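Trainee: Sending over a structure as structure tokens; questions will come in a sec.
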Amino acid sequence: MDSEDDMHDANDSADDDFYSGGEAGLAGSDDGDADYDFADHDSDDSGELLSHRQQQNYSILSEVDIKQRQEDDINRVSTVLSISKSEACVLLRNYSWSVSKVHDEWFADEERVRKIVGLPEKHMELPNDREVTCGICFESCPRGTMSAAACGHPFCSTCWRGYISTAINDGPGCLMLRCPDPSCAAAVGQDMINALADDEDKEKYGRYLRRSYIEDNRKTKWCPAPGCEYAVEFVMGSGSYDVNCNCSYGFCWNCTEEAHRPVDCATVSKWILKNSAESENMNWILANSKPCPKCKRPIEKNQGCMHITCTPPCKFEFCWLCLGPWSEHGERTGGFYACNRYESARQEGAYDESERRREMAKNSLERYTHYYERWAANQSSRQKALGDLQSLQNDKLEKLSDIQSQPESQLKFIIEAWLQIVECRRVLKWTYAYGFYLPEHEHAKRQFFEYLQGEAESGLERLHQCAEKELQVYLEAESPSKDFNDFRTKLAGLTSVTRNYFENLVRALETGLNDVGPSTSHGTCSKSATSKSLAGKSKSGKNRATSTSSKSGGSNRGLDDSNIWTCDQCTFANPKSARACQACDRQHR
């Protein structure tokens, strides 16, 4: 920490957890129509939940807020140091807009600070002559048309205006503008910009100044959403990095990517890189094609026959299995759908290495596809849920209020449910990136993770089904429904249960699944660890995570943990003796 202003008590920070459910036990059922024994959540309860969510460890700043804060900081420095506002602005720009750092440095050695930032202690006046020579155009001009910075070097208004305009059009570097005299380092302050620049240049300079206040300050950042003009001031050391801007975009303060709690920034960076990199294209080519024996271009076999003809100009004809010339094949070698030469060569081990590499590439590709498809599906579901929530808030809630003869304040439990769905879809999406990079050899952790993920996912599906399908019945009703209060109890209960499921999942992933120790065998999760993590017993005793089981990336499950290393790129578990990944050839570091 640079100063006292940067010190923050973590205990006083806002609660970083999105989930605000109590310690209620988790109760669930495979049957969506099962009875739910939950207390009725009235509008007051929903209001408390919403207000709890609004507790946050950051502030959203509009352009007006930025201007006001900037002015306040300039006034504070100007008052304490007894200098002009223009000089205070120069000081703050040079010290990244940290008021406390300016104070510390100034009172420690004022002379040194003045020299660094270009603020002469004495303000030099222009020569007391009727005409003064401009230092740029060397024209003699009336003294009244001349201007100078604190250093006193005189230049005519025309040259000043051109000098300032050129600097502003060159970009934000104009904020550190110095005297035009090559031997002088005196700063040109905002007062001279306002006095000499035209309106367009003054507007640009002001925009650069506001951007500098956000971009140079380590406690503030711009919202990364396209077209958003809000900034965020963040309280350091308060736990969660998730930020929800007023433009409805959620992002991570630390890496400015989309909000990804509970997955850490390093994992997200690797996942995004993998999704955009060429590595998966190469894996696909390796797994699904073979090189032409003559021109070496990769060829995909798209029909049943083993007789392959390369594209022009090569036109080489060869056998898909053994890659030998087709002229040497026929009925005596097995016909069009087999190859005796390949089978005999394979038995002798001639094709073991290439086949092994192709099989590993295929397994790696299938495994990546498994996780990516589910990651993308939850992203799509979240976007649709956001649209449904917007539609509900715009008109459907008012319509439901009229049909059921209830005030909108009594229907906040529906908004609460949809907010929970949107957040849970985001969390669930990133758990698939987490699962992809969870080492294959940590069987107990993987099994525990898939159990937690499966329980959370099934709970979310029940909630989403209720909020989407069952709500529609009441929206299409022509008169108040007698069982609407039962629906309220069920939806509020499912919201609470789902929140608890995801709270446990988030907590487990953020602690690195520490409830499960390292295992080198096919061990299973202990009942005590499971019950501790779930904080309650589910009616559904079976593991719903079967659909999330990963595809095997290789046959290294029998190796001891200390004798393997996991590839950063494809996560294949390699023997310790291997210098490069056996699946993707990435060098081990």
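Trainee: Among Ala185, Trp97, Ser157, pick out the residue whose Cα is farthest towards the positive end of the charge dipole of the range 90-201, where Lys and Arg carry +1 and Asp and Glu carry -1 on C-beta, about the Cα centre.
Mentor: The residue sitting farthest along the positive end of the dipole is Ala185.
Trainee: Now for a separate question. Listed highest first by mean packing, meaning other Cβ atoms within 10 Å per residue, what order do 424-432, 147-155 come in?
Mentor: 424-432, 147-155
Trainee: Related question: Please count, across the range 68-214, the pairs of lysine residues with Cα atoms under 22 Å apart that sit 8 or more places apart or on different chains.
Mentor: Taking the Cα cut-off of 22 Å, the pair count is 6.
Trainee: Can you tell me the FRET efficiency between Glu300 and Glu328 if r is taken as the Cβ-Cβ distance and R0 is 25 Å, rounded to the nearest 0.05? Kindly include the intermediate steps, with their values, before the conclusion.
Mentor: Details: r = 23 Å, r/R0 = 0.93.
The value I calculate is 0.60.
Trainee: Sort 118-129, 160-171 for me by packing, meaning the mean count of neighbouring Cβ atoms within 10 Å per residue, highest on top.
Mentor: Top to bottom by mean Cβ count within 10 Å: 160-171, 118-129.
Trainee: Related question: Which of the pairs Lys270/Lys362; Lys219/Lys445; Lys362/Lys469; Lys221/Lys270; Lys221/Lys445; Lys429/Lys469 have their Cα atoms more than 30 Å apart in this structure?
Mentor: Working: Lys270/Lys362 21 Å; Lys219/Lys445 36 Å; Lys362/Lys469 39 Å; Lys221/Lys270 23 Å; Lys221/Lys445 36 Å; Lys429/Lys469 22 Å.
Pairs exceeding 30 Å: Lys219/Lys445; Lys362/Lys469; Lys221/Lys445.
Trainee: Sort 388-395, 441-448 by packing, meaning the average of other beta carbons within 10 Å per residue, with the highest value first.
Mentor: For the peptides 388-395, 441-448, the packing ranking is 441-448, 388-395.
Trainee: Follow-up question, since we're still on this one. Which distance in nm do the two modelled labels at Arg507 and Glu200 give, with both placed 7 Å along the Cα-to-Cβ direction?
Mentor: Those two pseudo-labels are separated by 6.1 nm.
The numbers here are math on the coordinates, done by the rules we state, and not lab data. Note that the structure is a prediction, hence the values are computed from the model and not measured. No Cβ is skipped: glycine too gets one built from the backbone with ideal geometry, and neighbour counts run over all protein chains shown.
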